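Undergrad: One structure, as structure tokens, below. Some questions next.
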Amino acid sequence: MLRWLARRFAQIIPTLIVLSVLIFGLQQLMPGDPALILAGEERGDPMVLAQIRAELRLDRPLPEQYLNWIGNVLVGDFGFSWRIREPVAKLILQKLPVTFQLASMAFIIAVLIGVPAGILSATRRDTPTDWIANGIALFGISMPNFWLGIMMILLFSVELGWLPPSGYVSLTEDFWESIATTIMPAFVLGTGVAGVLMRHTRAAMLGALAQDYVRTARAKGVAERVVVWKHALRNALIPVVTLGTIEFGRLLAGAVLTEQIFTIPGFGKLIVDAVFNRDYPVVQGVVLATALIFVALSLVADLLYMAVNPRMRQA
Amino acid sequence: MVLAIDDLTVEFATDRGTLRAVDGVSLAVASGKTLAVVGESGSGKSVTALATMGLLPGSARIGGRIVLDGEPLTPERQRALRGGAMAMIFQEPMTSLNPAFTAGEQVAEALRIHRNLPPRAAFDAAIAMLERVRIPDAARRARQYPHQFSGGMRQRVMIAIALACAPRLLLADEPTTALDVTVQAQILALLDTLKRETGTAVVLITHDLGVVADHADDVAVMYAGRVVERAPAARLFAQPEHPYTVGLLGAVPKLAGGAGRLASIAGTVPDMRNPPAGCRFAPRCPFAISRCIAEQPPLIPITADHATACWRAPLSQILEAA
């Protein structure tokens, strides 16, 4: 187990090196000169531009800029935002809890809808229940988030006035108000993931219910409800757990559009603003942090996979 | 009689018409006895066992009567007795155990359901049960998962599950087919011992006549969904009366016989969606006469405990004359 963990960590290092090069390199391909944007009104003055470039070390060769950045990151210094004049690490730590709250709520909604719907449609295969569940799943997967978001705002905020249309209140400030500001975007994000989870749970359950050990359980006198929810589900969840962890990672990284619509000040909004303003240290920091979260989650997925699958434990 | 099956029929609706997998089967087993049900795959042996347990899919149409300990088995009674008064073990020990639970938990579950034991006591009883099926170091093995057991050991766990609640009836569907020969002998010897200890009636489904000779008291030979011959085991081997049984016995490889080719019965099992009108074995039978093709023979008693479904019975006289 310890050797496995050590090997797993050793695999992470080259992944991160390649990722950091990609993040740095791709950003150089973005059109627009950050010095021009930062210069503002004085963008016509070559002296000012040169000064900004020297200050931000944009006049240095790219490999030097990269090594400089990555060297600081290794000691925990993600640099300063050029625009907001704040440490990038501080910005990330400010926004991360917001996005994390949103992603967690979305994920809980997705699991609560997707897993039971998948089980139901597998146990009632080829009945109207199955067809309806599949139809809803397809709807959830294929519906654009921005459209569903706008429709929900129209209904619950504009028409009914039940929920605030936008904005964010943190959990520590006012718990219920915080839930009220995030429930709609969480639902919008959750429905898509619910559809994916439902389809995979259904397929895994159909596979598990056809196994010999299910017949053994029935022969033992196990009630049908227990056969489904214990004997079959326990095995069907093994692939679903792995998938769920990856989907959670996507929720953490991919809420850009939904955060814009509901003006939630999370990761998505931070990165969009940074890209538009050519705020390279913020872009690099946020993308790297997202990548780190993904790498960590894939490690969690492997650990969970071992926890639910006894066959993996002594490997 | 612990189990009495009377005129059982099982039909499945298929895309190409109704398939009658079991057609008027009657069987009986007494306490402490082993009835071997012998036949090729597709002869209806497993379906008969699954019908007894109530484990056939909902689409199956079942007719006739199954009586356990004097009371007819209704679907409700089957649900209540399954795993308790009647139990079943299956052919594939590698896949019949749930990979996500320990061996001990899987044995304990039966005890929790039918004996209402609390989890702790059920697990202790499960360890005792694993000891009874001769699993060495049972207390430690009870905490291990199926993938940590060999095929033979898994089948022992299956037997422990089946016998945990001291069933009156055990249905063993090819319990040793997937195991290698030495392990087969151990498992069958174990079943014999446990049967003697508990007085359980055993229905042993097999296609292996060697197993029948060593472990069965009575034999029912099935062909194409029907019982074609029924006799005490010793008598069946000494004096088979149905041409199909004669063929099967001819198909048993004899170790002493040397390098001869295996005997086999010409032809194949009929399509059960569209069986022959007369005796179902007639198309493959070397003794068939015109009556065999026109009319289906019932089970005809030859002696008090020996019956055969053949118009040419007693066949032993024809064989002797030849």
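Where a number appears in this text, it was derived from the coordinates with a stated rule and is not lab data. This is a predicted model, so every value here is computed, not measured. Every residue, glycine as well, gets a Cβ built from its backbone with ideal geometry; the counts of neighbours run over all protein chains shown.
Undergrad: Fully extended, how many nm does the chain gain between A:A89 and A:D302 (0.36 nm per residue separation, minus their Cα-Cα distance)? If you can, show how the numbers build up before the last one.
TA: Details: separation 213, 0.36 × 213 = 76.68 nm, distance 2.79 nm.
Going from the current span to full extension adds 73.9 nm.
Undergrad: Considering every Cα-Cα pair within segment A:83-129, what fraction, in whole percent, is farther apart than 12 Å?
TA: Details: 768 of 1081 pairs.
Result for the distance tail: 71 percent.
Undergrad: Oh, and also: When the scattering of segment B:103-161 is computed by the Debye formula from its Cα atoms alone, each counted once and equally, what is log10 I(q)/I(0) at q = 0.20, 0.30 Å⁻¹?
TA: -0.61, -1.26
Undergrad: Go through B:105-117, A:34-46 and give me the packing order, highest mean Cβ count within 10 Å leading. The partial results should precede the final answer.
TA: Values: B:105-117: 21.8, A:34-46: 13.7.
So the order, starting with the most tightly packed, is B:105-117, A:34-46.
Undergrad: Can you give the FRET efficiency to the nearest 0.05 for B:A139 and A:D174, using r as the Cβ-Cβ distance and R₀ = 51 Å?
TA: Numbers: r = 55 Å, r/R0 = 1.08.
Plugging the Cβ-Cβ distance into 1/(1 + (r/R0)^6) gives 0.40.
Undergrad: Let me ask something else. May I ask you to compute the full-extension gain from A:W4 to A:E159, defined as 0.36 nm times their residue separation minus their alpha-carbon distance, rounded to one decimal in nm? Intermediate values should be presented prior to the final figure.
TA: On the way: separation 155, 0.36 × 155 = 55.80 nm, distance 5.56 nm.
Between A:W4 and A:E159, full extension yields an extra 50.2 nm.
Undergrad: Still on this structure: Could you list A:M205, B:M272, A:M198, A:M1 so that the one with the fewest beta carbons within 10 Å of its beta carbon is first and the one with the most is last?
TA: Details: A:M205 25, B:M272 22, A:M198 29, A:M1 9.
The fewest-first ordering by Cβ neighbours comes to A:M1, B:M272, A:M205, A:M198.
Undergrad: Further question on the same structure: Roughly how compact is segment B:1-109, stated as its Cα Rg over 2.2 N^0.38 Å to two decimals?
TA: Numbers: Rg = 15.3 Å, N = 109, 2.2 N^0.38 = 13.1 Å.
Compared with the compact-globule rule of thumb, segment B:1-109 sits at 1.17.
Undergrad: Could I ask something else about it? Which whole-percent values make up P(r) of segment A:157-250 when all C-alpha to C-alpha distances are grouped in 10 Å steps starting at zero?
TA: Spelled out bin by bin, segment A:157-250 gives 14, 29, 22, 19, 12, 3 percent.
Undergrad: Give me a single rounded figure for B:85-98: the average over its residues of other chain Cβ atoms within 10 Å of their Cβ.
TA: Values: counts 1, 2, 3, 5, 2, 5, 1, 4, 1, 1, 5, 8, 4, 12.
Counting Cβ atoms of other protein chains within 10 Å of each residue's Cβ and averaging gives 4.
Undergrad: Let me see the P(r) profile for segment A:232-315: every Cα-Cα distance counted, bins of 10 Å, each bin given as a percent of all pairs.
TA: Spelled out bin by bin, segment A:232-315 gives 17, 36, 24, 16, 7, 0 percent.
Undergrad: In addition: More than 37 Å apart: what percent of Cα pairs in the protein assembly as shown qualify? Please list the in-between numbers first.
TA: Details: 111881 of 202566 pairs.
More than 37 Å apart: 55 percent of the Cα pairs in the protein assembly as shown.
Undergrad: Taking the Cα centroid of segment B:4-81 and of segment B:126-172, what is the distance between the two, rounded to the nearest whole Å?
TA: Using only Cα atoms to place each centre, the spacing works out to 26 Å.
Undergrad: How many angstrom lie between the Cα centre of segment B:281-322 and the Cα centre of segment A:166-214?
TA: After rounding, the separation between the Cα centres reads 68 Å.
Undergrad: Separate question: Given just the C-alpha atoms of segment B:60-158, how large is their convex hull per residue in cubic angstrom?
TA: Details: hull volume 12.5 nm³, N = 99.
Per residue, the Cα convex hull of segment B:60-158 comes to 126 Å³.
Undergrad: Still on this structure, I have one more. What percentages, rounded to whole numbers, describe P(r) for chain A computed over all alpha carbon pairs with 20 Å bin width beginning at zero?
TA: 26, 49, 22, 3, 0
Undergrad: Figure the gain on full extension for A:M151 and A:Q27 (residue separation times 0.36 nm, minus the Cα-Cα span) and round it to one decimal in nm. Display every interim value, and only then the final one.
TA: On the way: separation 124, 0.36 × 124 = 44.64 nm, distance 3.47 nm.
My answer for the length gained is 41.2 nm.
Undergrad: While we're on this one: Just to verify a number: FRET efficiency for A:V295 and B:R79, C-beta to C-beta distance, R0 = 51 Å, to 0.05?
TA: Details: r = 50 Å, r/R0 = 0.98.
Result of the calculation: an efficiency of 0.55.
Undergrad: Mind checking the mean number of beta-carbon atoms from other chains within 10 Å of the Cβ atoms in B:147-155? List each step's numbers first, then the result.
TA: Values: counts 6, 4, 0, 0, 0, 0, 0, 0, 0.
Mean inter-chain Cβ contacts per residue within 10 Å come to 1.
Undergrad: Placing one identical point scatterer on every Cα of chain B and ignoring solvent, what is log10 I(q)/I(0) from the Debye formula at q = 0.10, 0.12 Å⁻¹?
TA: -0.60, -0.85
Undergrad: Something else: Counting other C-beta atoms within 10 Å, which of A:K90, A:K95 has the fewest, and how do the rest follow?
TA: Going from sparsest to densest Cβ surroundings: A:K90, A:K95.
Undergrad: In what sequence do B:V219, A:V308, B:V47 fall when counting other Cβ within 10 Å, fewest first? Could you put the intermediate results ahead of the total?
TA: Working: B:V219 26, A:V308 16, B:V47 20.
The most exposed by this proxy come first: A:V308, B:V47, B:V219.
Undergrad: Please work out the Cα center distance from segment A:105-158 to segment A:248-315, rounded to the nearest Å.
TA: Answer, in whole Å: 23.
Undergrad: If you take every DSSP beta bridge whose two residues both sit in the protein assembly as shown, what share of them, in percent to the nearest 5, is antiparallel?
TA: Working: 31 of 50 bridges.
Counting DSSP beta bridges with both partners in the protein assembly as shown, the antiparallel share is about 60 percent.
Undergrad: Could you give the radius of gyration (one decimal) and Dmax (whole number) of the Cα atoms in segment A:1-159, in Å?
TA: Expressed in Å, the Cα Rg and Dmax of segment A:1-159 come to 24.4, 74.
Undergrad: What are the semi-axes of the equivalent ellipsoid for segment A:2-74, taken as the square roots of 5 times the Cα gyration tensor eigenvalues, largest first, in whole Å? Kindly include the intermediate steps, with their values, before the conclusion.
TA: On the way: eigenvalues 269, 27, 15 Å².
They are 37, 12, 9 Å, listed largest first.
Undergrad: With all distinct Cα pairs included, what does the Kirkwood hydrodynamic radius of segment A:44-133 come out to in Å, to one decimal, could you say?
TA: Values: mean 1/r = 0.0555 Å⁻¹.
When all Cα pairs of segment A:44-133 are included, the Kirkwood radius is 18.0 Å.
Undergrad: Please list, in chain and number order, the residues 5+ apart from B:G44 or on another chain whose amide H is under 5 Å from its amide H, with Hs placed from the backbone.
TA: Sorted by chain and number, the residues that satisfy this are B:G225.
Undergrad: Plugging the Kirkwood radius over Cα pairs into Stokes-Einstein for segment A:73-217, at a temperature of 10 °C and a viscosity of 1.306 mPa s, what D comes out in µm²/s?
TA: On the way: Rh = 17.9 Å.
Taking Rh from Cα pairs, D becomes 89 µm²/s.
Undergrad: Once both labels are modelled 7 Å past Cα along the beta-carbon direction, what's the B:E40-A:I12 spacing in nm?
TA: It is 6.1 nm.
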